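See below for the structure under consideration.
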Amino acid sequence: MTPKVQVRFGGYGTEIDFKGFDFNGAPEADIATARAILDEANALCPKPVAAKAVAVLKARTKSRAEQGDDLKLLIAVFSEDLQRYPADVVIAACRAWGENEMWFPSWSELKGVCESKFQRRRALQEILS
């Protein structure tokens, strides 16, 4: 299995673009091992992990004033929606947003970050299926 990448040298350093994977000639045992590793890595995020990531994100960002019930609902809804991604993707997306943005995200914004972080893994999973 060889990743396909394109390397460009520009005025601000090296840029590497991921282009895909090449499994030509890979032994079936290696492909089966890759599938097992990927299945484990793609295990869906448990709700308590997602809830903690959202709560930390909420603490790191600004938003409109909310009542306690509104905050509980927000965390519950975001946590449920985030369960479609692996835990490491959820945590990384929430951390990245909290480190780079001032305001709490809409669901579509946070979903976009998750999708961006998960796209290569999803592409590899599709190839291996």
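Each listed q (0.14, 0.25 Å⁻¹) maps to a log10 I(q)/I(0) for the range 50-115 from the Debye sum over equal C-alpha point scatterers, namely -0.34, -1.13. Label separation (residue 81 vs residue 60): 1.8 nm, computed from points 7 Å beyond Cα along the C-beta direction.
These residues, 127, 75, 91, 37, go from largest to smallest accessible area, 1.4 Å probe, as 37, 127, 91, 75.
Scan the range 23-129 for GluC sites (Glu not before Pro) in coil per DSSP, keeping those whose Cβ has at most 13 other Cβ atoms within 10 Å, and list them by number.
66
Taking a straight line from the alpha carbon of residue 111, these aspartates and glutamates sit under 16 Å away, with near neighbours fewer than eight places off in the same chain left out: 80, 81, 88, 101. Here the convex hull built on the C-alpha positions of the range 19-129 has a volume of 97 cubic angstrom per residue. The trypsin sites (Lys or Arg not before Pro) of the range 64-95 that meet both conditions, a loop assignment by DSSP and at most 15 other Cβ atoms within 10 Å of the site Cβ, are 64, 84. Using the Cβ-Cβ distance between residue 103 and residue 125 with R0 set to 41 Å, the FRET efficiency from 1/(1 + (r/R0)^6) comes to roughly 0.80.
The values are calculated or read from the model by the stated rules, or taken from the named source; none is laboratory data. Quick caveat: nothing in here was measured; it's all calculated off a predicted structure. Methodologically, a virtual Cβ is constructed for each residue, glycine included, from the backbone with ideal geometry; neighbour enumeration extends over all protein chains shown. Only protein heavy atoms, including side chains, enter the accessible area calculation; ligands, DNA and RNA are left aside. Shrake-Rupley method; radii C 1.70, N 1.55, O 1.52, S 1.80 Å.
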